[in-house]
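Note sheet for the following structure.
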Amino acid sequence: MEKPQRGYWCECWTEDLTDGAQPVLRASFDAYSAPQADRWVAVALRTISPALDPEASEEAWIWLYEGRIQTRRALLRAKPCTVSVTHASTRITWTIRPVLFLPLAHRQGIELPACAYDFKPHTKHKTD
């Protein structure tokens, strides 16, 4: 049996700031190093920055040039990190958390076992 492996669980969430709805999980990624984790966010920000409004684009590039170094340092100290930009009424948030990956039975390379698709992530529910 394989041993658990240290890594980072990365997620991308969007939230409509005008309707009060719960954030929506858009993507997730399992990274096995701090550079791989912050690179996932960096690639996403570089990809979407041309479509962002000027303020959000500036937020993105500030993180790419200055905040990314701080994020990498925090990840190397096993601290969770969050990167957010707000475009119009939508907040896009990337989270990176240090985790311990447990080996999955029947996993072949990057392919997940069929049972992995039976489970859906739960979102946090607001209480009134």
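Restricting to region 4-19, and then to whatever is charged (D, E, K, R) and either modelled with pLDDT under 95 or open to solvent by 30 Å² or more (accessible area, probe 1.4 Å) (or both), can you tell me which residue is farthest from C81 (Cα to Cα)?
D19
Of the residues T47, T93, T82, which single one is β-branched (V, I, T) and either in contact (Cβ under 8 Å) with a residue 60 or more places away in the chain or touching an Asp or Glu at 6+ places or on another chain (Cβ under 8 Å) (or both)?
T93
Give the number of residues within region 20-60 that are open to solvent by 50 Å² or more (accessible area, probe 1.4 Å), among the charged types (D, E, K, R) and farther than 21 Å from A88 by Cα.
Within region 20-60, residues that are open to solvent by 50 Å² or more (accessible area, probe 1.4 Å), among the charged types (D, E, K, R) and farther than 21 Å from A88 by Cα number 1.
Tally the residues that are more than 11 Å from S84 (Cα to Cα), under 16 Å from the mean Cα position of the chain (by Cα) and small (G, A, S), restricting the search to region 43-63.
1
Quick one: would you say L100 is surrounded by fewer than 16 Cβ atoms within 10 Å (Cβ to Cβ), at pLDDT 65 or above and assigned to a loop (DSSP other than H, G, I, E, B)?
no
The conditions are (1) modelled with pLDDT of 65 or more; (2) under 18 Å from the mean Cα position of the chain (by Cα), and D118 fails exactly one of them. Which is it?
(2)
Mind checking which residues of region 65-90 are farther than 14 Å from A34 by Cα and surrounded by fewer than 16 Cβ atoms within 10 Å (Cβ to Cβ)?
Y65, E66, S84, A88, S89, T90
The values are calculated or read from the model by the stated rules, or taken from the named source; none is laboratory data. Note that the coordinates shown come from a computational prediction; the quantities given were computed from them, not determined experimentally. When we count neighbours, we look across all protein chains shown, and the Cβ atoms used for this are built from the backbone with ideal geometry, even at glycine. We work out accessible area using only protein heavy atoms, side chains counted, and drop any ligands, DNA or RNA first. Shrake-Rupley method; radii C 1.70, N 1.55, O 1.52, S 1.80 Å.
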